[in-house]
Amino acid sequence: MDFDALKAIQSGLGTAAVIVMDKSTDIVDAIARLSYFYKHESCGQCTPYREGTGWLWMIMERMKTGNAKLEEIDMLREVTKQIEGHTICALGDATAWPVQGLIRHFRLEMERRIRDRAEREILEATA
């Protein structure tokens with residue numbers, strides 16, 4: 001695992017923190033938890049970070065259960081772009097990257113959750 005190998009698969013070491021998860025890990029839940037961590041750690045000085053982390057966490061919480069709309073995946077990406085590179089410290093970038101990676105590598109999983117929940121709600125309404 002080196003810089004070039006990770007770059008080749010559109011990943012990276014980010015803040016150089018490594019979290020090891022097995023295939024049973026709910027990746028959407030894991031990234032939602034990271035979003036909460038960064039929201040909690042915000043000092044509140046930067047508006048993009050202070051406001052953006054709250055939005056990221058709220059949307060990610062809904063994504064965990066599929067209680068979102070497909071368009072919100074792109075909105076989530078846009079929120080990360082408003083944070084990334086617009087803060088005083090590097091925590092802004094560190095906050096945006098896990099969500100961007102989730103969307104880049106697991107978008108289909110996010111879409112599946114949203115569709116599955118919508119289908120369940122339709123079935124429950126017609127039952």
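When the solvent-accessible area of the chain is split by element, carbon and sulfur atoms take up 57 percent of it, the probe being 1.4 Å. Computed from backbone phi with θ = phi - 60° and the Karplus coefficients 6.51, -1.76 and 1.60, the 3J(HN,Hα) list for the range 111-121 is 4, 4, 4, 5, 5, 4, 5, 4, 5, 4, 5 Hz; x is used for glycine and proline.
When all protein chains stay in place and ligands, DNA and RNA are ignored, the 1.4 Å accessible-area order of Arg50, Arg113, Arg104, largest first, is Arg104, Arg50, Arg113.
Would you kindly calculate the mean projected area, averaged across all directions, of the convex hull enclosing the Cα atoms of the chain, in square nanometres? Walk me through the intermediate numbers first.
Values: hull surface 34.8 nm².
Mean shadow area of the hull around the Cα atoms is 8.7 nm².
Rounded to the nearest 0.05, what FRET efficiency is calculated for Glu71 and Glu121 with R0 set to 25 Å and r the Cβ-Cβ distance?
Details: r = 17 Å, r/R0 = 0.69.
Using R0 = 25 Å, I get an efficiency of 0.90.
Derived scalar couplings between HN and Hα for the range 85-90 equal x, 10, 10, 6, 10, 6 Hz in order, rounded to whole Hz, by the Karplus curve 6.51 cos²θ - 1.76 cosθ + 1.60 (θ = phi - 60°), x for Gly and Pro.
Go ahead and estimate [θ] at 222 nm for the chain from helices alone: -39,500 (n - 2.57) per DSSP H run with n ≥ 4, summed, over the residue count, rounded to 500.
Numbers: 5 runs with 89 residues, N = 127.
The per-residue figure over the chain is -23500 deg cm²/dmol.
Skip the ligands, DNA and RNA, and give the accessible area per residue of the range 1-124 with a 1.4 Å probe, whole Å².
64 Å²
Shown is the FRET efficiency for Met58 and Ala8, computed with R0 = 35 Å from the Cβ-Cβ distance and rounded to the nearest 0.05: 0.55. For the chain, the longest principal axis of the Cα atoms and the long axis of helix 47-65 meet at an angle of about 30 degrees.
May I ask you to derive the FRET efficiency for Cys89 and Glu109 from their Cβ-Cβ distance with R0 = 35 Å, giving the value to the nearest 0.05? Spell out each step's value before the answer.
Details: r = 31 Å, r/R0 = 0.88.
Efficiency for this residue pair is about 0.70.
Counting other Cβ atoms within 10 Å, which chymotrypsin sites (Phe, Trp or Tyr not before Pro) in the range 37-99 have at most 11 and lie in a DSSP loop? Sparse-neighbourhood loop chymotrypsin sites (Phe, Trp or Tyr not before Pro): none present.
The values are calculated or read from the model by the stated rules, or taken from the named source; none is laboratory data. If you're wondering where the values come from, they're calculated on a predicted model, not measured in any experiment. Don't worry about glycine lacking a Cβ; one is built from the backbone with ideal geometry, like all the others, and counts go over all protein chains shown. The protein model used for the area step is the full one, side chains on, heavy atoms only, and it has no ligands, DNA or RNA in it. Shrake-Rupley method; radii C 1.70, N 1.55, O 1.52, S 1.80 Å.
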